[in-house]
2 protein chains.
Amino acid sequence: MKIGVIASIAHRLPPRNYGPWEQIASTLTEGFVARGHEVTLFATANSATAAQLHGTAELGYEEEGGGLDPQVSAALHNAAAFERAGEFDILANHFDFMPLTYSRLVSTPMVTTIHGFSSAEILPVYRAYDDIGHYVAISDANRHPDLSYAATIHHGIDISDFTFVPDVGRYLLFLGRIHPDKGTHLAIEVAKQAGLPLIIAGVVQDEAYFHDAVHPHVDGAAVSYLGPVGRSERDALLGGARALLHLISFAEPFGLSVVEALATGTPIIATPLGSMPEILRHGSTGYLVSDVAGAVSAVSQVGHLDREVCRKEATDRFSAERMIEDYLAVFERVLGTRTRRPRGRRQSIGSPGMFSHATF
Amino acid sequence: MKIGVIASIAHRLPPRNYGPWEQIASTLTEGFVARGHEVTLFATANSATAAQLHGTAELGYEEEGGGLDPQVSAALHNAAAFERAGEFDILANHFDFMPLTYSRLVSTPMVTTIHGFSSAEILPVYRAYDDIGHYVAISDANRHPDLSYAATIHHGIDISDFTFVPDVGRYLLFLGRIHPDKGTHLAIEVAKQAGLPLIIAGVVQDEAYFHDAVHPHVDGAAVSYLGPVGRSERDALLGGARALLHLISFAEPFGLSVVEALATGTPIIATPLGSMPEILRHGSTGYLVSDVAGAVSAVSQVGHLDREVCRKEATDRFSAERMIEDYLAVFERVLGTRTRRPRGRRQSIGSPGMFSHATF
C-alpha cells in the first residue's frame, strides 16, 4: 500500500519527551515500513524515520526554537500532504481536525485518528466530514455519539522497549504531565497516607499548580521530582515501581503510561474515568478506585497482584504489532469498500457493516 | 463571469462598524453583481448581499455572540468555498493567507488581495503560493519585495455614500481604531496646540491606551469621544471637519477613512508613512507632516485648500467603480493568460508582462 501519514508537527517524531500523538504516528509509520508498505511521513524536518520524510517545518512548533506561528506551520504542512495526495492509496491523519477540511478536494481516502477532542468547539468539523472521515477512536470511551467510526483502535507500544521486572517495587510512581487533571496532588496524598515514597516524573504543564500543590512536598525522600524523563529512564522507573498512580480527574481518551507500566509488570491504581475501565482489569492488572481512601487501600493490596499477568496483558492487548495490524485492516477495508459506499451515506455506530471494536 | 468571493468572517458583510476587509469584499461583490456577473459570496450567514450567499458561520467570530473558535469557523468557511470551486471561473480571496493553502487542490484560479501583512510570520505562505497567487496589493507601499503581484489596486468607496460639504469646518477629526499606531494621542496634542476642538470616533482597540492617553483629555468640548459611528454619522462627521488628523506611526497599507474624508471635501493631515504618500497630494488634498509642530502648522493652512479638489480626487481615483473595474480586468487577464502561463514560473515585480500599477 502507498500510505501518506500526516503527523502532528507540535513535536518531532519520535518525540524526545512528551508527545503521544507523535509517538503513535511514529510507531505506526515505522511498522508500516517494516511490513513492506511504501510510506511517506509528513512531519517536522528533524524527525527520524525509515519512511520517506516530507518536512515543511524545520522544528516542532512547541519545541525550543520552533518559533514559527503554529497556524502557519500547520497550514503549509497539511497543504503539502494534500498536494501530494494523488501519490498515495490512503492518507492517515494524526493531526486533529484541520486536515479534514482539505479532504473533499482530493480523491485519496483518508483515515483520521481522533486523539481526543481538545475542545467541544472542534466538533462541527468532525460532524461536517463524518461521511468521509473514516474516524478511528482511540478508546470506546472517547467515541462521540454524533460521529460514526470505522473502528476503535487502542494504542500499542513497542513491548521490547520495556523490561519485565518480576519483583514488587518499593515506591509508588506518578508519570505524566504535571497538571491538576492528572492528579499529581492526589498521588502525593495517597503515597503519604500509605507510607511509601513517591517518585514524580513528567513535564510541568501547569506551572502554578506545580508551584502550589506539588513542589512544597518535594523533599527528595518521601516525594521526589525528576522532571521529564527519556525512554530508558522511563523503563527503569516504571519497572521498579510497586504501582503507577493514575488518579486522573478527567475522561482521558487513552493512557500510554498505563500500558507502558503494564509492559514492565507494574500494576496501576487509577480512577475509573475515560478509557481506564477499558484498559485495566480491576483486581488483576490494577485497581479502579474512586477516592484517596480507596487508592490507599489498593496500595496495601497491589503487591499481591501477579506482575506476569500485567506483562502478558500488555503483550496481548497493547502491542505495536496489534495496533499496526488493526490500522492496516481499516485501510484495506476503506480501500475495498470505498467504491461501493455512496458518498454522503452515514453509518450509525454499531451498524452491522461496521468494524467491531472487539475485533480491532 | 462566475465569481466566488471568499470574504473574511471576522465580521458580517457589509460591516456594521469596523471591518475594512469586509467592506471592500462587500463593495466588490455588489459591484460584480450589478455588472451582471454571477457571484457567490462566502461570508457570515447574517451578511446582506445581492449575490448568492453561502454562509457556514452564523455570525462573525469577532462579533458579540459569535463565540465559535475562529480557526474552526475559518476552516469550515474556506473549505466550503473550495469544495464548490468547480462552479466558478475565478475565486477572489479577501481572507488572508489560509485560502492559499487549498488553492493548488482545485483548478479554478484564485486572485488574492493582500489586505496587509498581519505579521511577518505569514510570509512563508505567500512565498509558497507566489507562482499561482495572483496577488493584488492594496498600495504600492504594501508590496513585499519577495512576492510577485498581478496588480496594485487602491481601495474604492461608494462616493454617493458621502456628501460633499463646501464649507470649511470648525473642528478637527480623528476617525479610526483607538490605538497608539493610529496616533489618537498625537491628534489630541495637535488640536490643543492649534486651539481647535477635536472629535474622536472609532472602536477602542487598545483599552489601556484609551484609558491612559485618550480618556483623561475627553471633556466634551476641547476633546469629544463618540465611540464607534455608523455610516450616516460618519459622513456628517467627516464633512463637517476642517481636516482629518491621520497621524499614524506605522506603514498603513491603506486608509479608508482618508479617502472617505476626501469624498466629503475634507483634506487630511497625515504622516508620510505606508500608503499615505500614494493617496494624498501634499499641498492639494492635504499635508504630509513629520511631527506635531508640522501638523499644527498644517492646521493653520488647511482651511485654504480647495475642498472641491478633494472631492474630485476621491471621485477620480478612489471610487468603487474604478476599483471594481480594476478587479474585473485582473480577473480577465488571469483567465485569459492562465493556459499560456506555465505553472511555477515566477514573474518579478515590474517585468514587462505584469500589470502596471499605474494602469490598475
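The values are calculated or read from the model by the stated rules, or taken from the named source; none is laboratory data. Note that this is a predicted model, so its numbers are computed, not measured. No Cβ is skipped: glycine too gets one built from the backbone with ideal geometry, and neighbour counts run over all protein chains shown. The protein model used for the area step is the full one, side chains on, heavy atoms only, and it has no ligands, DNA or RNA in it. Shrake-Rupley method; radii C 1.70, N 1.55, O 1.52, S 1.80 Å.
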Residue list for region B:55-84, restricted to those being more than 8 Å from chain A (Cβ to nearest Cβ) and touching a Leu at 6+ places or on another chain (Cβ under 7 Å): B:Thr56, B:Ala57, B:Tyr61, B:Gly65, B:Gly66, B:Ala81
Considering only region A:1-99, give the strands (runs of 3 or more DSSP E) lying wholly within it that have at least 2 residues that are crowded, with 20+ Cβ neighbours inside 10 Å. A:2-6, A:38-42, A:90-93
Condition test on B:Val168, is it open to solvent by less than 40 Å² (accessible area, probe 1.4 Å) and either assigned to a helix (DSSP H, G or I) or at pLDDT 95 or above (or both)? no
Test: A:Ser107 is modelled with pLDDT under 95, surrounded by fewer than 23 Cβ atoms within 10 Å (Cβ to Cβ) and not acidic (Asp, Glu): no
Meets criteria (under 17 Å from the mean Cα position of the chain (by Cα) and of a type in the set (Val, Ile, Thr)) for A:Ile269: no
Criterion: at pLDDT below 95 and either assigned to a loop (DSSP other than H, G, I, E, B) or surrounded by 20 or more Cβ atoms within 10 Å (Cβ to Cβ) (or both) - qualifying residue of B:Gly353, B:Gly336: B:Gly353
The one condition in (1) modelled with pLDDT of 95 or more; (2) open to solvent by less than 30 Å² (accessible area, probe 1.4 Å) that B:Val229 fails to fulfil: (1)
If you take the residues of region A:233-260 that are open to solvent by 30 Å² or more (accessible area, probe 1.4 Å) and of a type in the set (A, V, I, L, M), which of them is farthest from A:Gly274 (Cα to Cα)? A:Ala236
Any residue that is open to solvent by less than 10 Å² (accessible area, probe 1.4 Å), over 19 Å from A:Ser249 (Cα atoms), in a helix (DSSP H, G or I) and at pLDDT 95 or above - is there at least one of those in region A:275-297? no
